[in-house]
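S.K.: For reference, the structure I am asking about is given below.
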Amino acid sequence: MFVDFQNGWPPPEPWEPEPPRPRLSKRGETLTAWIIGFNLLMLLIGPLAGATVFDAVMVFFHR
């Protein structure tokens, strides 16, 4: 059996988990909520606006 005597000492330091990330501030939470709300709103309104623009372009080229 092979034993590595070159890097055997000192033993590695024990594993420690990374410290937890800092939480969002109140302003950051509010901004995140507004961004998510805006994206959800655009998810519903965006296709309607896109269809309206598409219809207008089709009418323009149809004449």
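The values are calculated or read from the model by the stated rules, or taken from the named source; none is laboratory data. Predicted model, so just to flag it, every value in this text is computed and none were measured. Ideal geometry is used to build each Cβ from the backbone, glycine not excepted, and the neighbour counts take in all protein chains shown. In case anyone asks, the SASA skips ligands and DNA or RNA and just uses the protein heavy atoms, side chains included. Shrake-Rupley method; radii C 1.70, N 1.55, O 1.52, S 1.80 Å.
S.K.: How big is the dipole moment of the chain about its Cα centre under a simple scheme where the beta carbon of each Lys and Arg is +1, that of each Asp and Glu is -1, and everything else is neutral? Debye, nearest 20, please.
M.R.: Here the size comes out at about 560 debye.
S.K.: How far apart, in nm, are two points set 7 Å out from the Cα along the Cα-to-Cβ line at residue 29 and at residue 45?
M.R.: 2.7
S.K.: (i) 12.2; (ii) 16.5; (iii) 18.4: which one is Kirkwood radius over Cα pairs in Å as calculated from this entry?
M.R.: Answer label, from the structure shown: (iii).
S.K.: Carbon and sulfur together cover what percent of the accessible area of the chain at a 1.4 Å probe radius?
M.R.: That share works out to 69 percent.
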